[in-house]
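Asks: After the structure tokens below, expect a handful of questions from me.
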Amino acid sequence: MRVNIFCASRSGLDPSLPTMVQQLAIALIKNKVGVVYGGANDGLMGILADHVLALKGEVIGVMPSLLVARERAHAGLTELFEVSSLATRKEKMASLADCFLVLPGGLGTLDELFEVLTWAQVGLHNKPIAILNHHGYYNHLLTFLEEGVANQLIAEKDFNRLLVADTPVGVVEKLLESVVFD
């Protein structure tokens, strides 16, 4: 099994983020889950790759050519795919994974979340989508989406596609329970 993880190419200010990512790496390796991610060596992306690789796990990166120098592609990955665009990156990552996991991140992370959520909405995939809501990072976003449901602008079934957990172990458990293999 592989999970496509979306997260920041920055480290952020929360000093607990590296520990959370390390705990996630341990939970993934314990359950024999490989990682597909954006391929960067920086920020949470780099921390994630470093921890999973240190635990002898599989880490596949997918990075568009325009970001290879800017985000500094991780040199020690199991495999790195260099692609032509951000859109191609998302498609390639999705094709390599059985589920999706969103960690704290910025605009790119939100773009990736909403892309895979929209793909599920229109029937392009039925893969689980989880959010690790570390220290309530996504509380406001979840409230915003709930408001969309309350105003009948977002279908409740689409909102309910999101699996939300507050801990690395909890989110991995939710994904393992939800992945269906063909």
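Asks: With respect to the numbered conditions (1) among the hydrophobic types (A, V, I, L, M, F, W, C); (2) more than 29 Å from GLY136 (Cβ to Cβ); (3) surrounded by 22 or more Cβ atoms within 10 Å (Cβ to Cβ), which one is the sole condition not fulfilled by ALA73?
Replies: Failed condition: (3).
Asks: Applying the selection to the stretch 64-103, what residues are among the small types (Gly, Ala, Ser), in contact (Cβ under 8 Å) with a residue 40 or more places away in the chain and in a helix (DSSP H, G or I)? Spell out the reasoning first.
Replies: We begin by selecting, within the stretch 64-103, every residue among the small types (Gly, Ala, Ser); these are 65, 69, 73, 75-76, 84-85, 87, 94-95, 97.
Next, only the ones that are in contact (Cβ under 8 Å) with a residue 40 or more places away in the chain stay: 94, 97.
Listed by number, the list holds a single entry, ALA94.
Asks: Assess whether SER11 counts as being among the small types (Gly, Ala, Ser), at negative phi, surrounded by fewer than 17 Cβ atoms within 10 Å (Cβ to Cβ) and free of Cβ contacts under 8 Å to residues at least 60 places away in the same chain. First the steps, then the outcome.
Replies: Details: among the small types (Gly, Ala, Ser): yes; at negative phi: yes; surrounded by fewer than 17 Cβ atoms within 10 Å (Cβ to Cβ): yes; free of Cβ contacts under 8 Å to residues at least 60 places away in the same chain: yes.
Answer is yes for this residue.
Asks: Checking the condition assigned to a loop (DSSP other than H, G, I, E, B), in contact with a helix residue (DSSP H, G or I) (Cβ under 9 Å, 6 or more places away or on another chain) and at positive phi, which residue from LYS56, LYS32 passes? Lay out the reasoning, then the answer.
Replies: Details: LYS32 fails: in contact with a helix residue (DSSP H, G or I) (Cβ under 9 Å, 6 or more places away or on another chain).
Matching residue, one of LYS56, LYS32: LYS56.
Asks: Hey, another quick one. Among the residues in the stretch 69-81, are any modelled with pLDDT of 95 or more, over 15 Å from VAL3 (Cβ atoms) and not hydrophobic (A, V, I, L, M, F, W, C)?
Replies: Looking through the stretch 69-81, at least one residue is modelled with pLDDT of 95 or more, over 15 Å from VAL3 (Cβ atoms) and not hydrophobic (A, V, I, L, M, F, W, C).
Asks: Mind listing just one residue for me: the one in the stretch 104-130 that is small (Gly, Ala, Ser) and touching a residue at least 12 places away in the same chain (Cβ under 8 Å) and, of those, surrounded by the fewest Cβ atoms within 10 Å (Cβ to Cβ)?
Replies: Initial filter on the stretch 104-130 (small (Gly, Ala, Ser)): 105-106, 108, 120, 123, 130.
Filter again for touching a residue at least 12 places away in the same chain (Cβ under 8 Å), leaving 105-106, 108, 120, 130.
On the way: GLY105: 24, GLY106: 13, GLY108: 20, ALA120: 19, ALA130: 24.
So the residue we want is GLY106.
Asks: Being within 16 Å of GLY46 (Cα to Cα) and part of a helix (DSSP H, G or I) is the requirement here; does THR109 meet it? It would help to see each step written out before you state the result.
Replies: Values: within 16 Å of GLY46 (Cα to Cα): yes; part of a helix (DSSP H, G or I): yes.
When the stated conditions are applied, THR109 passes them.
The values are calculated or read from the model by the stated rules, or taken from the named source; none is laboratory data. Every value quoted in this text rests on a predicted model; they were computed, and no experiment measured them. Reconstructed Cβ throughout: ideal geometry from the backbone, glycine too, with neighbour counts over all protein chains shown.
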